[in-house]
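Read the figures in this text as sums done on the coordinates, not as results from a lab. Just so we're clear, the structure is a prediction, and the values are computed from it rather than from any experiment. Using ideal geometry, Cβ is built from the backbone for each residue, glycine included, and neighbour counts are taken over all protein chains shown.
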Amino acid sequence: MKEISLIHHSKGALGLRFFGLGPNLKPSNGLKKLQKLLDDNAFWAENRRINDLKKCLANSDVIVSLWVGNEIVGFGRALTDGIYRGVLWDIVIDQNYQGKGFGKLIVKNLLSCKKIKKTKKLYLMTTNKKLFYSQLDFKEVTSQNLLIREI
């Protein structure tokens, strides 16, 4: 079996953004692989351009990626003010690796990061994984409305 590597990227994921680093800090074309992971496994994240992904990573507080060998199979990121509010974003597991506990591994590692773990309220949005997130103590909120402004 290929080695499984969980990477806690530094704020802004410099190595992934500029050098495409993957496991063991080796160049692995990681940004293109992340783009493909999102395209193939998340309808809401299809067609993200490399330059936009770089900006997205640069402005993220916490970034975690999961690799099997030299292939990225999981990803998640978070934004937070470090005390009152935070949001989990772009949690994706390759469809060929779902059901193996990798999603829980990504979420638990995001939640345990220093900047996130003391945040009073963490938000996330999901289209069809409500049951999955409920296993991780996220609760559906019916007292609030989701509002979106798109450009």
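Of note:
- Cα long-axis angle, helix 102-112 against the chain (0 to 90 degrees, to the nearest 10): 70
- Extending 7 Å from the Cα toward the beta-carbon at both SER112 and ASP137 defines two label points whose distance is 1.4 nm.
- Here the chain was treated as a single set of alpha-carbon atoms; its pair distances binned every 10 Å from 0 give 10, 42, 37, 10, 1 percent.
- Under the criterion of Cα pairs below 8 Å and six or more residues apart, the relative contact order for the chain equals 20 percent.
- Alpha-carbon spread of the range 1-52, three principal axes, descending order, Å: 29, 28, 17
- Other-chain or far-sequence residues with amide H under 5 Å of VAL73's (modelled H): LEU66, TRP67, VAL68
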